[in-house]
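A.B. asks: Just dropping this structure here.
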Amino acid sequence: MEFFRINRDIPFMKHALIFNVISFVTFAAAVFFLVTRGLHFSIEFKGGSQMEIAYTQSADIGKVRGVIESMGFGEVQVQNFGSSRDVMIRLPALADIKQDEIVNRVFTQLCKTEAGTVSREEKISAKGEAISRQVCMNATGSEPVRLSRSEYIGPSVGDELATDGATALLVTVIGIIIYLAFRFEWKFALAGIIANLHDVIIILGFFAFFQWEFSLSVLAAVLAVLGYSVNESVVIFDRIREAFRKYRKLTTHEVIDHAITSTMSRTIITHGCTQMMVLSMLIFGGQTLHYFAVALTIGILFGIYSSVFVAAAIAMWLGVKREDLIKTTVKDIDPNDPNAGAVV
Amino acid sequence: MNRYPLWKYVTLVVALLIGLVYTLPNFFGKAPAVQVSSAKSVVKVDGALAPRIEEALSKAGLKPDFVKLDGTTVLARFADTDAQIKAKDAIHKALNTDPSDPSYVVALNLLSRTPAWLVFLHANPMNLGLDLRGGVHFLLEVDMKSALTKKAESLTGDVRTLLRDKSIRHAGVSRDGNSVEVRFREQGVLNQAVTLLSEQLTDVRWTPQAEGAEFKLVGVLKPEAAIRVQESAVKQNITSLHNRVNELGVSEPVIQQQGLNRVVVELPGVQDTARAKDIIGRTATLEVRMVDESAEAAAALQGNGPVPFGTERFVERGGRPLIVKRQVVLTGENLTDAQAGFGEQQEPAVHLTLDPKGSRIMKDVSRENIGKRMAILLFEKGKGEVVTAPAIRSELGGGRIQITGAMTTQEANDTSLLLRAGSLAAPMEFIEESTIGPSLGAENISKGINSVIYGFAAIALFMCIYYRLFGVFSSLALGFNLLLLVAILSMIGATLTLPGVAAIALALGMAIDANVLINERIREELRNGAAAQTAISAGYERAFATILDSNITTLIAGLALLAFGSGPIRGFAIVHCLGILTSMFSAVVFSRGLVNLWYGRQKKLKSVAIGQVWKPAVVPNGTSTEVQMDNASNVINGGKV
């Protein structure tokens, strides 16, 4: 089986201008949404409380929201999480109320709405672990609501995380530029990094446009994708160099076309395989891995596009030449040296 | 040409075996266990405790699988939870003679069922993070009142020093609650003191008060300074907690400030609250004070008189009592480090390092007290104990102090650990502890593992269909990669979190790239008419440079994440980086090994099973390897098999 049977090189670079215009438009749109809508940061960055509550029956989101809003904690988010019985509640960080009390108060209130009272349960699990937790018991002795998880994060931590994230991004970008410049040439380094930063901005643009939650794991996905899609540019640049050596008569234009065409099969298959894995995470990974997988998916798709069409095109506009890549080995013989030539 | 020397095959087999052995422990479940750890820093858990526990268990008629000392805890594993709970009660009764002041913490725990021979090889299962197994979560409250009291205490010292340096005669400096009171006999002297003190101690607001015949000056911390003291107390406690937890090797701990005076501690991989409390609860405050060696004190020691005014009675670690002055010379705040080492005569010693303020004070105090003893006190849960009370032999300048004397290397180690542990600005109290739902964790595990399994299966299936036998080799190499990755993570004792599982999945998804590159290259070589053996060899060699390049760029991103990431990101980054390294080995060396084993011996190899290699039809103006200038519309013949 072979998917790609390409007789001749596809003249990609003929349409480079179109590709660049498309890129520029998507890029501009992404920046526009980032600026106007901004990212919907998770509580890891903003600080605040988050609780996951499991009901025995389908949860009435409207009712839950009503109960919490009446408590006056400001902007509250209530949504289903995974199944219709699980509810995720997010509360902003409030200066005047102690964070852990918020969770307790909300839980107690929700428990009261279900006609139960909160008590403390100490038990030993079937496996032999000691478990002590807060339970909400109603009159019949069953648990109408359960607090499966709660989390609260102070705002100061968030600032630190944001700075660290930005630093990691910067260091990655600089590291990759240096590596590419060392391995190839500055024009390629610049082209490669522009193409891939364009991916990063587009991923962020998607998150801004749909107001998907931007968490720490999404940040990790963005950086992983940055390193990964630079690969793509590396493979193509590698081929460009090889083609420059092999086909001395071809123009830069044709060399780039040839490089892209001959790596196309590999590009699609590799990304397809990685995407299969990411898809599996998207399907089976549950809510926690959802946006991680979404960020990877966007990154992988745009990674193909940008490495093939953007990176090579930018390298071309920057005026990559055969001489840039193939160092003509200067004969180290000095013509004025009287002893020259007498080499044994 | 496609033959590996024997040693390469041996290396591969050894790597495979190591991978299997160290991955294996992850498949044994957990068994109920009881864990005994020290409840006080002065109570040490050592080899002598295990026999005592064994004895207590046999008295209760319980048979543990084993009782062993593991670091600073003794563990006993049981077959079922019934025995576990009975054992907990039996051990608790036997060890803690005074239940109101327990010396040992006895807690339930889970232990791996890994067989002894694997444990002997140090093959242990991976720890699972808070999100995968549930975990301990603590909320600690920093005792702000005592932080302020302490500040006031050290201020009284500063005031004394300042007034003495400027020869301003006062009639007594004392602390009253959180304020400092200075008495004077004359108004003029008071005015002098006000000018000096407000100049030198800018954090304090001084107000003169007339009191009978005496003049009193009361200093109270300015509100903004008080807030600063509280903030720095919390910050310092967090730093100390970090050090404590790090020293005990818990990976990915979460230690964060919450609100004004609270600290959250989350310890994944630590299931029981006892161990966690052992780690955190031992944090204590440290104070250096002078030992009172006056006649009254000696009398008090003998029990012939009351404890002199301004002193307190403490018990030394050996059990001997000691009368110590109330005035604090230094606190843990001024101690920057404590390390065990050796003195000039190669005798065990503890080396202390003080901050500039601490060294200045110590220099003055030691100069005036040569020959006298100073006591280093550790306060835990409000009770103080003397860690060590060395005599001052000479003036201690330069901020470095060496404590030597009758102690063993072990004692020196313990003392330095206790001293380091003591550098907390204010005591902390547990106000909430909770475990994160284990059912939620179990759900996360199955979700994570499912995504890895199904993703892996999809990739393997595709590779086998598309590249036939080479696809099988690639899939085997990918499996080997997974095995190695899990083995290494188990070996280094990493804590697996959901982001870590995601990183494993992603690492596999990215690792297949190397095999795709190789297989495509081999096909290309075959397409260009190379012989089968040559094509394999050239394919691997040519693809390698590209594989190296692409992995390095991925690694750069991974390392940046590792360096700047925190919490869950670090777990992701570690797995991501390791995955890149193992994939280089498995995709290139291991898959080549398989190919060589299969094809290498066949001298007259006609064809290789790498799927159909399509050769372009010869076009009129030349061969396909030369690029054509014309712009034919139908350049792609897609999809026919």
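Read-outs throughout are calculated quantities, based only on the coordinates presented, and are distinct from any laboratory measurement. The shown structure was predicted, so the numbers you read here are calculated from the model rather than taken from an experiment. Quick reminder, even Gly has a Cβ in these numbers, built from the backbone with ideal geometry, and neighbours come from all protein chains shown.
A.B. asks: Could you size up the charge dipole of the range B:145-222 around its Cα centre, putting +1 on the beta carbon of Lys and Arg and -1 on that of Asp and Glu, and report it in debye to the nearest 20?
C.D. replies: Values: 13 positive and 10 negative charges, 33 e Å.
Using Cβ point charges on Lys, Arg, Asp and Glu, the range B:145-222 gives about 160 debye.
A.B. asks: Give me the dipole magnitude in Debye, nearest 20, for the range B:284-423 about the Cα centre, with unit charges on the beta carbon: positive for Lys and Arg, negative for Asp and Glu.
C.D. replies: My answer is approximately 220 debye.
A.B. asks: For the range B:284-423, report the convex hull volume of the alpha-carbon atoms normalised per residue, in Å³, without decimals. Walk me through the intermediate numbers first.
C.D. replies: Working: hull volume 14.9 nm³, N = 140.
Cα-based convex hull of the range B:284-423, divided per residue, equals 106 Å³.
A.B. asks: Which length gain, in nm to one decimal place, applies between residue B:613 and residue B:370 when the Cα-Cα distance is subtracted from 0.36 nm times their residue separation?
C.D. replies: Once the chain is fully extended between residue B:613 and residue B:370, it gains 78.4 nm.
A.B. asks: Viscosity 1.567 mPa s, temperature 4 °C: what is the translational diffusion coefficient of the range A:166-279 from Stokes-Einstein with a Kirkwood Rh over Cα pairs, rounded to a whole number of µm²/s?
C.D. replies: It comes out at roughly 83 µm²/s.
A.B. asks: Taking neighbour counts of Cβ atoms within 10 Å as a proxy for exposure, in what order, fewest first, do A:137, A:277 appear? Intermediate values should be presented prior to the final figure.
C.D. replies: On the way: A:137 15, A:277 29.
Listing A:137, A:277 from fewest to most nearby Cβ atoms yields A:137, A:277.
A.B. asks: If you take each beta carbon of peptide B:27-35 and count the beta carbons of other chains within 10 angstrom, what is the mean?
C.D. replies: That works out to 2 on average.
A.B. asks: How do B:266, B:186 rank when sorted from fewest to most other Cβ atoms within 10 Å of their own Cβ?
C.D. replies: B:186, B:266
A.B. asks: Just the number, please: Stokes-Einstein D of the range B:438-599 in µm²/s, Kirkwood Rh from C-alpha pairs, 10 °C, 1.306 mPa s.
C.D. replies: Estimated diffusion coefficient is 96 µm²/s.
A.B. asks: Return the Rg/Rh value of the range B:29-113, two decimal places, where both radii are evaluated on C-alpha atoms and Rh is the Kirkwood radius.
C.D. replies: Result: Rg/Rh = 0.94.
A.B. asks: Over the alpha-carbon set of the range B:145-222, divide Rg by the Kirkwood Rh and report the Rg/Rh ratio to two decimals.
C.D. replies: Value, to two decimals: 0.94.
A.B. asks: What is the fewest-to-most order of A:75, B:293 by other Cβ atoms lying within 10 Å of their Cβ? Working shown, then result.
C.D. replies: Values: A:75 9, B:293 15.
Fewest-to-most Cβ neighbours within 10 Å comes out as A:75, B:293.
A.B. asks: Could you tell me which of the pairs B:151/B:363; B:145/B:372; B:8/B:30; A:112/B:86; A:46/B:30; B:216/B:383 are separated by over 29 angstrom between their Cα atoms in the structure shown?
C.D. replies: B:145/B:372; B:8/B:30; A:112/B:86; A:46/B:30; B:216/B:383
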